[in-house]
Structures are given as structure tokens and as C-alpha cells.
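S.K.: Can you keep this structure in mind? I'll have questions shortly.
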Amino acid sequence: MYLVTAAEMGQLDRLASSEYLVPSIVLMENAGLRVVESIRRHFQDRVKNRRVLIFCGKGNNGGDGLVVARHLLNQGAEVKVFLLARPEDLRGDARTNLEIYQKMGGRIFPLLGESHLQRADIALLYADLVVDAIFGTGFKGAAMGLPAAVITMINKAHRDTVAVDLPSGLEADTGRAFGPCIQATWTVTFALPKLGLVVEPGASYTGRLEVADIGIPQKLIDSQRFNLHLLTPAWCRSRLPKREASGHKGLYGHVLAVGGAPGLTGAIALAATAALRAGAGLVTAAVPRGVHGILEMKTTEVMTCPLPETPGGYLSREALDPILERLAACDVLALGPGLSRDPATVELVKELLPRLKAPAVVDADALNALATDTGILTGNHGPLVLTPHPGEMARLVGTTAARVQEDRLEIARKYAREWQVILLLKGARTIIAWPDGQAYINPTGNPGMATAGSGDVLTGIIAGFMAQGLEPGVAAALGAFLHGAAGDEARASLGQHALLAGDLLNFLPAVFRNLEVEAGVTASLGRD
Ligand SMILES: NC(=O)C1=CN([C@@H]2O[C@H](COP(=O)(O)OP(=O)(O)OC[C@H]3O[C@@H](n4cnc5c(N)ncnc54)[C@H](OP(=O)(O)O)[C@@H]3O)[C@@H](O)[C@H]2O)[C@@H](O)CC1
Ligand SMILES: Nc1ncnc2c1ncn2[C@@H]1O[C@H](COP(=O)(O)OP(=O)(O)O)[C@@H](O)[C@H]1O
Ligand SMILES: [K+]
């Protein structure tokens, strides 16, 4: 599903009217009607006598709110409109809808100064629902003065609140709220989701997100060639590697997972097992000789391979040739889990990467090794998927994690293009940036996944998908979605605090089943 900026949405609205002759007031009417339908669902279709407060700004977002007011009034709800503007300040479609509402006997309460706040505050005590139609995509910067006071007052009332198009106070393009922002129970956004609704903190202000069709022609949307996408189950389902009835494990590829060090055997065990869980046919974990026995004990389905090590037990440069030899018989390399930052190991990584022909997922300490010489990335290299968390990304580009978090999408896109890699920037709402400019936002996952080893599992899942022949960019996006979905399933059963990275492995099957069921794969089971 495309994600748009405020400007792109405005362009769609304008072109819908200018090129496709859809009058803007029809778009506004459709928007309002979609919100009313959503409210009816919220009230299980019992709208009569419900006390609904609608807070309207002076722009078209307010206009939407007035359409909602009119229809709820018509359907027997008890409606109060609080207008954060003088009626004469409203223009165009918003003004028209104000006048229609008034002609129907709808009541308008001015909300222009401190003196008016009290009346709204009292009304909030008895409200069954608040409709936030103060600001939409026209909002910039921070809510201040009276709007800020109104937003704060609404949040303090803790009533069910539906946001029209965007929670007021949120910047559509960044998902940032520099001032007070409506904490919505749910948000009905129009035509396409805005980026700010699906990245933090915007996603938290948004609550449950509904995307409503308001009649923007699909042909117009497709003609815009947007390059930012929200990952959806449908997108993932259509890209799941297929398992033919005649399949055999050679078909599903062989992952070589290189990592591990004394005290860091769990990471490589998690990554290797995760690759099998993702459906790879075979996985070999290549680790320093000294911990090889431990890996044999820790894993069953994973094959292992002892590699030359330093006296301290870390992978040494002598491991280069055995890795390249092994890799020649494998389909993909997963490099980094539990590798450690031992100087010899860092040297090994820097020698290995430029020699790679097979696609590789580069994570964790392999990224930290790369950070000492990103020149490798700007030179010639095979297909790479980098999976840094914000701290590792900061080291790679010589900045701070906080700085990375301020500009997640821009930074991921910049370096995916500069280094010609798939750049998966982890964290809440992981971003998967492709070198051609396409970027995907992953909506699944939760803070329960902020636990040691969770990233190692993701590395394994992505490598497992690449082994099955998925393009690296698709494998990374699909991996992020399923990894987060497994985290969500795990949270549902275990809560967030007790969640372990290993639990993600146990909940992956459920996630595949959910996707496959909807993909109609079970139908084929009936025939087998
Ligand atoms: N055909 C269409 O276009 C359709 C549009 N639709 C709806 O229109 C919405 C976009 O409407 P919009 O562009 O009128 O702006 P909107 O979000 O209502 O803001 C109102 C005013 O707020 C002001 N303002 C801005 N920042 C501020 C701040 N920090 N603090 C205080 N004030 C601030 C700013 O006033 P200004 O600064 O320009 O004087 C702005 O004019 C969109 O989200 C959707 O709901 C749908 O009906 C579908 C069809
Ligand atoms: N608050 C959060 N919401 C959603 N996902 C999260 C959150 N915190 C962490 N994650 C996910 O958990 C994983 C953490 O990976 P990482 O930091 O590399 O862990 P480790 O290095 O311990 O393996 C990433 O996939 C990240 O997207
Ligand atoms: K709003």
C-alpha cells in the first residue's frame, strides 16, 4: 500500500478534481461519510442519541468534520460542533458544509478563547465520542495557543476519540508532534496512509488506522508512481516462497551462517535456526573451532563447520579460504551474529566482503567491522542486505543513534542508494530501503522484541528467504514483516516483558500459517 506525504495527497486531491472532474466537495462528502460509517461500526450501528462532540478547524479537515456532524445529526445522534474559527473564516467546501449544517438546525459552539474552553470541557464529561477534525494534512509545526489548549483538554478527557485524516497536532510527513497532539482511539485517513501515521511517534498517536476510499481514481493514484510503501499481509502473502509438492531441500537453498565467538554462541545458533524456520533447505553454521562443539550441542537441524581461530578463540584471517570454499556450495551468506569485534575478525570481514559473489546478509559485528572501512561498500560488491539497528547505523555513518532516529527514512534511503545495498534500519517501524529508491515501512513488531538476540533471528529469516530464491529486497521486507508478526504473536501469548528472542522462532510457524491460510494454500492440502 502506497504511503504519501501531505503534498502528494494534496496533488491527488487537486488532480482528482482538475483531471478527473471529481468535485472537491464530493471528495469531502465521501470523506465525511467514511468517518460516519466507521463511527456506526464503533457504536455497533446504534448511533441514535449518542452524544458526539465534533471539534472543527477552519480548513478542509474542519469541513470533513461538518459533513460528519450533518450526517450524525440526520441519523439521530446528539451532535455538538465546537468551531475553532469564526464562521466567516471558513472558505469553500468547508463553508458550504457549515451552512448546510446550520440550515438543518445543527448547533455551533464557538471555541475561540479561554472563556469557551469551560463549556467544551463540561460537554466532554458527557460525550460518548469525540471527533477530531481540527487539523489534517494542512498542519505544520506545533499546535500553540488555543488549539494546543483544546487538544490538551480533549486528551485529558480520555473519551473515545476518532481522528479525521490525521490526529491533530501531528505532522503528516514526519510523524512528529512538536506540540500537543490528539491521542486518537482510531484514525480514519483518506485515500492513502500518510507516512506520519505509520512511523513513531505518529503511529502511537494514530491508534488503530483505517484507510478509507473517498473516490480518488485508482488510475490517478497508479500514475503517480509513488515509491514509499506500507508493508501489508497481502503484499507479503503474494511473495511467500512457494513449496511445490515435488519440492526437495536442495530447492530451498543452503545458508552459510558465519559468526560466533566465546560467550557469543547463542547469536549464531538463533540466526542459523531462524534460517531453517524461514524455510531454507539446509543451514551450516561456520564458527571458531573452539565453540564448534557447543554449536553441535545447541542445534540439531543446523549443520556446523569449525573454522580457524585466534589464540583467544575468535575467527582469524585464516578462516577466509575455508569460508569462501564453503560458500561456493551455498546460496547465501549470513555474516555477523556473535562474531565479536576482535581485531583479527574485523580484518577477516574486510577481506571477505569484497570477495563475495553470493548474496549476503551483513549484521551485528560484521557491520561494526564495516564501520571501520565503509569504502568496501562504495566499491564493487555482490548483493548485500545490511541490517543495522540505529546504533550500528550511527557507527557506519559516523553520527549518533539519536541523529539516525531523527531522520530514519532519509538516512536509510541515502545509504541504500549510495552503497547500492538493501538497507534495513531496525527499530520500531523498521525501514527497508532499496537502492532504486523504493522504501518499505514495516508495521509489525513491538517493544517486547527489544531483547538480546532478536536481531539475530531477523538475520536468519532474511537469509533463509534469500536461500529460497527471493530477491534480497523482497527477502528483507518479507523477513521484517514476519519477524515482527512473530513478535506480535509472542506478545499476545507471553506479554512483552518475558519475551525472548528464542520465542520468535517458536511463533514463526503460526505467522506462516496465518499468511498461508489466507493465500489459499490450505486448499491445496485438501487435494494432497
Ligand atoms: N479536496 C481536498 O483537498 C480534500 C481535503 N480533505 C481534508 O482536508 C484536509 C486538508 O485541509 P487543509 O489543507 O485546508 O488544511 P487543514 O489540515 O484543514 O488545516 C487547517 C488550517 O490549519 C492552519 N494551521 C496549520 N498549521 C497550524 C498550526 N501549527 N497551528 C495552528 N493552525 C495551523 C492552516 O491555516 P493557515 O496557517 O494556512 O492560515 C490550515 O489552513 C485533509 O487533511 C482532509 O481532512 C478531505 O476532505 C478530502 C478532500
Ligand atoms: N519498540 C520496538 N518495536 C518494534 N520492534 C522493535 C522494537 N524494539 C526493537 N524491535 C525489533 O527487535 C529487533 C532488535 O534487533 P537488535 O537491536 O539487532 O537486537 P540484537 O542485536 O540483540 O539481536 C529489531 O528487529 C527491531 O526492529
Ligand atoms: K484531524
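The values are calculated or read from the model by the stated rules, or taken from the named source; none is laboratory data. It should be emphasised that the depicted structure is a prediction, and the values quoted were computed from it without experimental measurement. Counting neighbours? That spans all protein chains shown, and the Cβs are built from the backbone with ideal geometry, glycine included. Surface accessibility is based on the protein's heavy atoms, side chains included, excluding ligands, DNA and RNA. Shrake-Rupley method; radii C 1.70, N 1.55, O 1.52, S 1.80 Å.
S.K.: Taking the stretch 429-447 only, how many residues are assigned to a strand (DSSP E or B) and farther than 17 Å from GLY487 by Cβ?
M.R.: 3
S.K.: Tell me whether the stretch 75-94 contains one or more residues that are at positive phi and either away from ligand 2 (no atom under 16 Å from the Cβ) or assigned to a loop (DSSP other than H, G, I, E, B) (or both).
M.R.: Yes, the stretch 75-94 has at least one match.
S.K.: Can you go through LEU320, LEU333 and tell me which one is assigned to a strand (DSSP E or B) and either closer than 25 Å to LEU282 by Cα or basic (Lys, Arg) (or both)?
M.R.: Just one listed residue meets the conditions, LEU333.
Condition check ((1) within 16 Å of ligand 1 (Cβ to nearest atom); (2) in contact with a helix residue (DSSP H, G or I) (Cβ under 7 Å, 6 or more places away or on another chain); (3) among the hydrophobic types (A, V, I, L, M, F, W, C)) across all residues:
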site	(1), (2), (3)
PRO388	no, yes, no
GLN405	no, yes, no
ILE411	no, yes, yes
ILE432	no, yes, yes
GLN438	no, no, no
THR444	no, yes, no
ALA450	no, no, yes
GLY453	no, yes, no
VAL457	no, yes, yes
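S.K.: Have a look at VAL211, VAL162 and point out the one that is open to solvent by 40 Å² or more (accessible area, probe 1.4 Å) and assigned to a strand (DSSP E or B).
M.R.: VAL211
S.K.: Let me ask something else. If I ask for residues that are at pLDDT below 90, in a loop (DSSP other than H, G, I, E, B) and of a type in the set (A, V, I, L, M), which ones from the stretch 232-260 would you list?
M.R.: Correct list: ALA245 only.
S.K.: I'm trying to understand the selection: among the residues of the stretch 1-42, which are part of a loop (DSSP other than H, G, I, E, B), of a type outside the set (D, E, K, R) and surrounded by fewer than 17 Cβ atoms within 10 Å (Cβ to Cβ)?
M.R.: Selection gives MET1, TYR20, LEU21, PRO23.
S.K.: If you don't mind, another one. With respect to ASP436, is the statement that it is farther than 26 Å from ILE268 by Cβ and either touching a strand residue (DSSP E or B) at 6+ places or on another chain (Cβ under 8 Å) or more than 15 Å from ligand 2 (Cβ to nearest atom) (or both) true?
M.R.: Criteria met by ASP436.
S.K.: Within the stretch 317-329, identify whether any single residue is of a type in the set (Gly, Ala, Ser) and surrounded by 19 or more Cβ atoms within 10 Å (Cβ to Cβ), and answer yes or no.
M.R.: yes
S.K.: Determine, yes or no, whether LEU470 is more than 16 Å from ligand 1 (Cβ to nearest atom) and touching a Cys at 6+ places or on another chain (Cβ under 9 Å).
M.R.: no
S.K.: The conditions are (1) open to solvent by 60 Å² or more (accessible area, probe 1.4 Å); (2) under 30 Å from LEU33 (Cβ atoms); (3) modelled with pLDDT of 95 or more; (4) within 25 Å of the chain's Cα centre (by Cα), and ARG225 fails exactly one of them. Which is it?
M.R.: (3)
S.K.: I've got another one for you. Here is a list: SER168, SER204. Which entry is within 16 Å of ligand 2 (Cβ to nearest atom) and outside any strand (DSSP E or B)?
M.R.: SER204
S.K.: Return only the number of the condition from (1) hydrophobic (A, V, I, L, M, F, W, C); (2) closer than 16 Å to ALA467 by Cα; (3) surrounded by fewer than 24 Cβ atoms within 10 Å (Cβ to Cβ) that ALA257 does not satisfy.
M.R.: (3)
S.K.: Can you name the residue in the stretch 124-146 that is within 21 Å of GLY32 (Cβ to Cβ) and not in a loop (DSSP other than H, G, I, E, B) and, of all such residues, is farthest from ligand 1 (Cβ to nearest atom)?
M.R.: Residue satisfying both the conditions and the ranking: LEU129.
S.K.: Got a sec? Which of GLY427, GLY469 is out of contact with any helix residue (DSSP H, G or I) (no Cβ under 7 Å at 6 or more places or on another chain) and surrounded by fewer than 24 Cβ atoms within 10 Å (Cβ to Cβ)?
M.R.: The match here is GLY469.
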